[in-house]
Structures are given as structure tokens and as C-alpha cells.
Amino acid sequence: MPSPLLVPMSQNTPYIVEMRDISKVYPNGVRANDHVTFAVRPREIHALVGENGAGKSTLMKILYGMERPSSGQIFVRGKPVSIHSPHEAIALGIGMVHQNFMLVPSFTIAENVVLGAEPVRRRLLDYKAAVAITRQLSAQYGLEVDPEAPVEAVPVGMRQRVEILKALYRGADVLILDEPTAVLTPQETHELFTAIRQLVQSGKTVIFISHKLREVKEISDRVSVMRNARLVDTVDTAAVTEEQLARMMVGREVFLHVDKAPLRRGEPVLQVRSLEYVTEAGVETLKGVSFNVHEGEILGVAGVEGNGQTELVEVIAGLRPATAGQVLLCGQDITNASPRQVRQAGVAHIPEDRLTNGAALSMSIAENLIVDRYERPPFTRGGLLQPTAIKENAEWLIEQFAIRAPDGDVPVGSLSGGNMQKVVLARELSAQPKLLIAAQPTRGVDIGASEFIYEQLVRARDNGVAVLLVSADLSEVLSLADRILVMKDGQITAVFDNTPSLTEEEIGYYMLGVKRMSAEAIAARA
Amino acid sequence: MEALNVIFSVAFLAAVLRVSTPLILPALGGLISELGGVINIALEGIMLVAACTGVLVSVWTQSAWLGALAGVAMGTFVALVLAFFHLNLKADLILAAIALNLLASGGTIFVVYLVTGDKSSTSRLVSGQMPFLSDFIPGVRALGEIGRLLDQNVLTYAAFVLTAVVALFLYRTRTGMHLRAVGENPEAARSVGINVRRMQYLALVLSGVLAALGGVYLSMGYVKFFARDMTGGRGFIALAAIYLGARKPLGVLIAALVFGAAEALSIQLGNLRVPTQLVQIIPYFATLAALVIYAVVQRQRALARQRAFVQSRAAR
Ligand SMILES: Nc1ncnc2c1ncn2[C@@H]1O[C@H](COP(=O)(O)OP(=O)(O)OP(=O)(O)O)[C@@H](O)[C@H]1O
Ligand SMILES: [Mg+2]
């Protein structure tokens, strides 16, 4: 594959990519980019940050030929170009890894990597060559994958590496990563960063979008900040602090610390008894899990992702059948009840994968906001839906949750990634549940919104709701939870009261399986 | 007892091959459209149009091959119309296909009436028939039972060859891979520069060609005339075969043969002393039963795996 890197740079520009004065107005009238000028130097890691809906993805989709700018110019290696399709972007050496993955689930990793530019031998697909190519690229850039595994069977971190390999296979020199860490565990993020550094070593340029300023500080050379469709500034990363970046993004001071009222723990709301779950493929992911969540407390579930947390939440929510064990809500048995029965019993659930399981993307915001309660007053009266009530509900929640959308009638699919999440959050937090399950609630949302979500979770707790918080972000668990439960290999390996002396390191030992509490100690505290 | 003798005879096997052909061909076509993400519900109508066109053109040109060619061309044209309505004019795929099926049912018999003055069939015309193996190698007739088994229509042989060709196309060619990618995740396909609409056109057109071959076989191989609604739901049974065959070419072939066997059985039993109404429902009942059994087995397997696991753990 010829590398566009060999094309000489025109001498009079220090930039490999330059977007000048780009504006973009979507057909629905949303102005997503407003005279944005954005320039990237060769071999740098350039972070792009901004609140949900600030226009980051739009700017990058324009560079990748997926959207056409309304006005403005793009230069690649100093030459003016107009990019009409991803095909043309690829030809210019630009590759993009999207916020939502673009993979074919039943195809193997090798097939996904070569899709669209497959090696052939005697006019037939050369699958062996595809596997060899994938192996070779994977070794060269330190992006570990299993070429012959179907994508649907591998964890999300590996899927992401597949996306990067796809771009590299096509000869990308400039790699756009749109929120690559939003779906990764801290460990996977760490591996990704190692790979990114290696890519830059070998001459690639990386554009990196993220909401996590800590990551931005850690990985990038320069940062561009977007706010309200405009590019506020581009600065050297070393020259700014996280706080300054936050202020540039939001336009005000942001506090991510949490004020909680003293714990007033009441009766147990959720009682989980010896819960077991075996997947259809015969993998045992929950091995006898027992614990309680009480009124007025936040129980945090920590653990490296993939140790049964997802299954735990989905079994409680009625989305997967328990293989054995019991789930009680206020004494009522809801084991293997339907999701609807579970909800009617008083459970709200913010799912982890909100775009797939939390929202109907082609339906409007207003409709998505009532899907769990449309059949009750005030939304239905006398068997008929009440458009006014539905509309008012949408307007109220859009305002309360600062969802960036023209109105409640637009389809959720046309929102920015973070705003789609907020629609789900708004619905679940406004359900007035007895038990609130929040799985990775701040994943993919900006810091302003994270601050708001923290406030909401704590407010629910202070009002006597039992909150089950599952998060891969340890600092999030530590700052919110009253008690912390650690999961490892489908079992609870520790339960702590969240006292000031409890550290991330200590929890980390249990997460990695280095330490483990005795069964009695767990039973006594869980 | 009589029935068992019938089933385990070579003649019965020959009958199975005969009646399976007009299921295998459209099922393969349907499979391609399904994998391309544009399931073709109009298989039935396409078969009818092809069957009718084939007969009339063969009468007119006095050539079975020209008739067959015209039949396939016409069937393919119907598939193209469906593709155009769905992919260009954004009509709902299912509704457009239903409209075409209704149009094909009424349209074919209308044309037959115009040509022959008969509203039920073309049996008064002398139409062509596609050759059988014995037309090429007269010796097979002398082989007795085995000869009767081998002496099938060229289109029956074609159905088996095409199963392999379709498998090769779908799994070993770039185009086939692109087609499957489009069917599974069009956004992903588009993002790597695959033309989604072009692939879906291709999927529908190929399904049209294969369904049309099935239609031509019905009126120019299985029998030698066109009759009103002579497809008798085969286009829909073919759809069931796609899913029962787990959306794989070989699986689809086997599923179509199973449905074919059920139909052959109903024909054979028709010659015995069994009420015809009961016999006639056999293929449809078999279709339904097969789908139910398939679903139940899948479920049982999953449950058994879970149970085995819990037990093995309890034992430890
Ligand atoms: N296809 C579309 N049609 C209409 N409006 C859109 C479309 N895509 C994005 N928008 C709007 O454009 C604005 C910017 O969206 P964009 O996806 O670029 O934001 P973002 O900065 O990537 O946000 P996030 O951090 O939430 O991913 C948003 O208000 C969004 O609603
Ligand atoms: Mg985005």
C-alpha cells in the first residue's frame, strides 16, 4: 500500500492538515461549526475538547469527507483539497475511528480490517493474506488483536484496536480518534495510549477527542478547545492546567467534588440473594452474588470491566434471565420479571450502552422521554396520548438537563453523542424510582454534565432513593458511594464503607485479585 | 405400510428432486437478498411472471431456450422495478413487494386471457420444455430406476450447481463480502467506501434471476403450461427455507429439500386412500412445524448449556 507520507510536504506550511474558516449548518438549521480554524502539525498528538454538542465530531466528519462544510477551506500538506467522501479522505491519508464503531459484527477481525480493500488471489478473496496483513500490522503498531475472532465475540477495547488497524491498513497518516476512551476501561485506555505514542513514533499524526481532561493532559502535545460551535483557542498542553481547560470549555468554573448530606440509611430496598448467571454460550459470569442496597445510600460497584458488572445490572433490570438466585425489591420477588414489571415495581435503569439499549434513535426526544410511562396520566388519558403533556414534559426535561437540541420533536439520532446520553439520563432520573441503577453514568458526557449528574445522583440518595452505581471510574465511585463493593470474576471480593482513609490503591488490589476478603467479612457487610 | 414403501423408493427420491427445484432456486435468490439487507418478498410474483413469460415466448419463438431466457429477463426486470421503488423512490420494501405479487397474480392471467381467451391456463397452447438429461444422453433411460432418478431437468441440475456458485460468490468474492457487509451494517460498509445502494441493487437483481429460474422451471420443466397462480406459495415457502437453513447456502438447500420431500409425500399419498384436503396441507404444515421445531431446539440447547453448567458447579 503506497504511503501518502512519501508525498513531499509543501515547504511553506508547518501543518499537515489545516481547516480554515469552516462553517457547517445542518439541514435542520443547527449551526454546528461557526468559522472554525483548526490546524494540526505533523507527528503531533492534537487533542480536541469541548462540551457535548460543541461541534467536535462535526468538524472531524468534515475532514473525513462524511459531511460537507457550508463554507471554508481545507488544506492537506499545504494543498487545497475538497473532500467529498471517506474514500477521498483515505486517499489523502486521513483515517477516522468513529465515536460509534463502524464494524460488521459477524465478520472476523481480519475481514473487518481489510473490508473495502480486500486482498485477492486468482480473483477470489485471499483470507489467509488478510489474516497475515492483520497480524503484521498488529505487531508493527503494538495493537493486539485476534485476527480470526469474529468482532461480535471480542471486548470493546479490541474492537477499537480493529478500527485503528483498519485506518492504518488503508495508509492513514493522520488518524482521527473520536472519543476513543469513552468506552474503555482504565487498563485499556493505558494500552491505547501506549499504542498512540508508538504510532506517533512511526511518523503518524493523531487527532484525539476526549472529555477527560486528565487524559488530554497525559497524552497530547497541543489542545484545541471548542465551545458553542466556535474554536476558542489552541494551546500547548504543557502550558495549561486541567482547571484552565475546563474553564475554556464551559466558560465558567467547574467543580467535580460532591456535597453529600450525612448518611441516613433506611430499610433495604434491593436484596440480591446468591445470584448466578450463565450466558447462552455457557460462560458463567455471576457466581453467587449477594448484597443489599438500602434507602438513602449509594452503593458503588467497582471492578475491572467484564467481571460480571454488566450482567449483574442486566439481570436485576430484567434484561437477562437469572440462572439461579433471587432478586427482591422492597421484599417483592422480581427475579426474572419482565423489564416492564421491574420498572413498575420502582426500578429506574441508566444502561451502560445507552445508544443501543437506552434510546430509539429514529424517534423523537419527546417520545424517548416517555417510553417507560406513556400509558399513565398525564401522558395518556382515556386511552389517548396527550400531545400537550408529552411536549411540556420534553421541554421541561430538555431545559433541566441542558440537552442541546432545537426542540423535543427532533430524532434522538441527530443529537451529538453526549446529548443522546442526556436524553436517557433525563428519563431515568425523572422516573422517581425506589431503586436507581446507574451504569457508567458519566461515560461520554462532558464535565459540565458530569457535575450535574453527580448532583442528581446525590439528590436522589438524599431523598431516600437506593442507588446502585456501577462505574469503571474509581474516582467517581470513591467520590459518590457510601459503600463500595468490588467485583472480580463474577464474585464479590470485598465490601468497604467509604471512609476518608479508603484509597484507590487499596480498592485496586481487590479489583486485580491480589487481595480478597473472607466470605464471612463480605457477608457481614454486603 | 404402503406409505413407507413409497417413501423409501427411488421414484420418491426422484420426485423430491423434481418438486424441490422450484423451492431451491428462489430460496437461493431470497438468501442473497436477505444477506444484502433487502429481503425480497416478491419471489412469488417474480416466479409467476417468469413462468408466464417463458411459456408465451416459447410458443411464439418455438424455442424453449429463448422462452426461458425471456422468462428470466422478465423476472429480473420485476426485481429491478422493486429495487428502483425501494432504493430510489424510498418505497417500503415489503409493501412494494406485496404490490408486485398482487400485480403478478392478476397481470399474468390477464395476459394469458388476451393471448388465448382462456382465464385459467395455457394448456391449449403447445409450449416448450427445457431439456432433461435423457435429451442429451439417451442412454440414461435404459438404466431403470437409477436412470429415472438421474433423468432430471437441466434446471434441477442447475439448482444444485447454483447452490455452490452462490456459496462461492457470497463467501469467496469481494463483491459477495461487500454485499454481506452492507446487509449487516450499512454504515460500516459506507464508511469504507462501499456503495451501499449499488450492492442492494445487485442483491435484488440476483434474487430476481434465481427466482425467475425457479418460475421458468415450473412452467417449462415440471409441467408444460402456465396456469393461474401456479406457484402456489412456493415463493413464500422459499422464504421460510432461508431462515430454517440458518441463512447459509448449504442450509438453505437442505431446508428446501425437506420442504420438497413434504410436498412429494403429499403428492404420493394423494394417489393412495388418504383424504386430499389432509394431504394438501402437508407441505405447509411441514414448513410451520419445521420453523417451530427449529426455534424450540435453539432454545432448549441454550437452556441445557446453562443447566449443565450449574450442575457441574454444584458437583464441584
Ligand atoms: N446529522 C445531524 N443532523 C442535524 N444536526 C446534527 C447532526 N449531527 C450533529 N448535529 C448537531 O450538531 C451539533 C454538534 O454536534 P457534534 O456531534 O459535532 O458535537 P460533539 O462536539 O461531537 O459532541 P459530543 O461530545 O456530545 O459528541 C449538535 O447540536 C448536534 O445536535
Ligand atoms: Mg461527538
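Could you tell me whether any residue of the stretch A:135-143 is farther than 22 Å from B:ARG174 by Cβ and under 23 Å from the mean Cα position of the chain (by Cα)? Within the stretch A:135-143 (the criterion being farther than 22 Å from B:ARG174 by Cβ and under 23 Å from the mean Cα position of the chain (by Cα)), the answer is yes, since at least one residue qualifies.
For the stretch A:322-341, a residue qualifies if it is touching a residue at least 40 places away in the same chain (Cβ under 8 Å) and farther than 14 Å from A:LEU270 by Cα, and the qualifying residues are A:ALA322, A:THR323, A:ALA324.
Looking at the stretch A:158-170, can you tell me whether even one residue there is modelled with pLDDT under 90, part of a helix (DSSP H, G or I) and crowded, with 22+ Cβ neighbours inside 10 Å? Checking the stretch A:158-170: at least one residue is modelled with pLDDT under 90, part of a helix (DSSP H, G or I) and crowded, with 22+ Cβ neighbours inside 10 Å.
Scanning the stretch A:26-57 for residues being among the β-branched types (Val, Ile, Thr) and near ligand 1 (Cβ under 8 Å from one of its atoms) gives a total of 1. One residue alone among A:THR181, A:THR185, A:THR194 is in contact with a Lys or Arg (Cβ under 8 Å, 6 or more places away or on another chain) and of a type outside the set (D, E, K, R), and that residue is A:THR181. Of all residues in the stretch A:70-91, none satisfies being more than 16 Å from ligand 2 (Cβ to nearest atom), in contact (Cβ under 8 Å) with a residue 60 or more places away in the chain and within 21 Å of the chain's Cα centre (by Cα).
Do the conditions hold for B:ALA203, that is, is it closer than 30 Å to A:THR108 by Cβ, open to solvent by less than 90 Å² (accessible area, probe 1.4 Å), assigned to a helix (DSSP H, G or I) and within 14 Å of another protein chain (Cβ to nearest Cβ)? Taking the combined requirement at face value, the residue does not satisfy it.
Candidates are the residues of the stretch A:58-82 that are more than 9 Å from ligand 1 (Cβ to nearest atom) and β-branched (Val, Ile, Thr); the one that is nearest to A:ASN228 (Cα to Cα) is A:ILE62.
Of the residues making up the stretch A:85-106, those that are touching a Lys or Arg at 6+ places or on another chain (Cβ under 9 Å) and either in a strand (DSSP E or B) or away from chain B (no Cβ under 12 Å) (or both) are A:LEU92, A:GLY93, A:GLY95, A:MET96, A:VAL97. Would you check which residues across the stretch A:69-84 are over 24 Å from A:PRO27 (Cβ atoms) and not in a strand (DSSP E or B) and list them? Answer for the stretch A:69-84, where residues must be over 24 Å from A:PRO27 (Cβ atoms) and not in a strand (DSSP E or B): A:ARG77, A:GLY78.
If you go through the stretch B:181-198 and keep only what is facing chain A (nearest Cβ under 7 Å) and either within 10 Å of B:GLY36 (Cα to Cα) or crowded, with 17+ Cβ neighbours inside 10 Å (or both), you end up with B:ALA181, B:GLU184, B:ASN185, B:ALA188, B:SER191, B:VAL192, B:GLY193, B:ILE194. When you look at A:GLU399, is it in a helix (DSSP H, G or I), within 16 Å of ligand 1 (Cβ to nearest atom) and either of a type in the set (Asp, Glu) or away from chain B (no Cβ under 14 Å) (or both), yes or no? For A:GLU399, the condition - in a helix (DSSP H, G or I), within 16 Å of ligand 1 (Cβ to nearest atom) and either of a type in the set (Asp, Glu) or away from chain B (no Cβ under 14 Å) (or both) - is met. Restricting attention to the stretch A:241-262, which residues are over 25 Å from the mean Cα position of the chain (by Cα) and either more than 26 Å from A:LEU478 (Cβ to Cβ) or open to solvent by 80 Å² or more (accessible area, probe 1.4 Å) (or both)? Residues satisfying the conditions are A:ASP259, A:PRO262.
Here's a check for you: in the stretch A:183-210, which residue that is surrounded by 20 or more Cβ atoms within 10 Å (Cβ to Cβ) and under 17 Å from the mean Cα position of the chain (by Cα) is farthest from ligand 1 (Cβ to nearest atom)? Residue satisfying both the conditions and the ranking: A:GLU188.
The residue pairs whose first member lies in the stretch B:77-97 and is without any contact (Cβ under 8 Å) to a residue 60 or more places away in the chain, whose second member is open to solvent by 90 Å² or more (accessible area, probe 1.4 Å), and whose beta carbons are closer than 7 Å, counting only pairs six or more residues apart or on different chains, are B:ALA91/B:PHE85; B:ALA96/B:PHE85. Residues in the stretch A:410-431 that are open to solvent by less than 10 Å² (accessible area, probe 1.4 Å) and within 8 Å of ligand 1 (Cβ to nearest atom) were compared, and the one that is farthest from the chain's Cα centre (by Cα) is A:ASN419. Restricted to the stretch A:180-280, the set of helices (runs of 4 or more DSSP H) holding at least 2 residues that are β-branched (Val, Ile, Thr) comprises A:186-201, A:213-219.
For the stretch A:48-55, does any single residue satisfy the condition of being open to solvent by less than 10 Å² (accessible area, probe 1.4 Å), more than 13 Å from ligand 2 (Cβ to nearest atom) and under 29 Å from A:ILE403 (Cβ atoms)? Checking the stretch A:48-55: not a single residue is open to solvent by less than 10 Å² (accessible area, probe 1.4 Å), more than 13 Å from ligand 2 (Cβ to nearest atom) and under 29 Å from A:ILE403 (Cβ atoms).
The values are calculated or read from the model by the stated rules, or taken from the named source; none is laboratory data. All of these numbers come straight from a predicted model, not from anything done at the bench. Cβ coordinates were reconstructed from backbone atoms using ideal geometry, including for glycine residues, and neighbour counts include every protein chain displayed. What goes into the accessible areas is simple: the full protein's heavy atoms, side chains included, and nothing from ligands, DNA or RNA. Shrake-Rupley method; radii C 1.70, N 1.55, O 1.52, S 1.80 Å.
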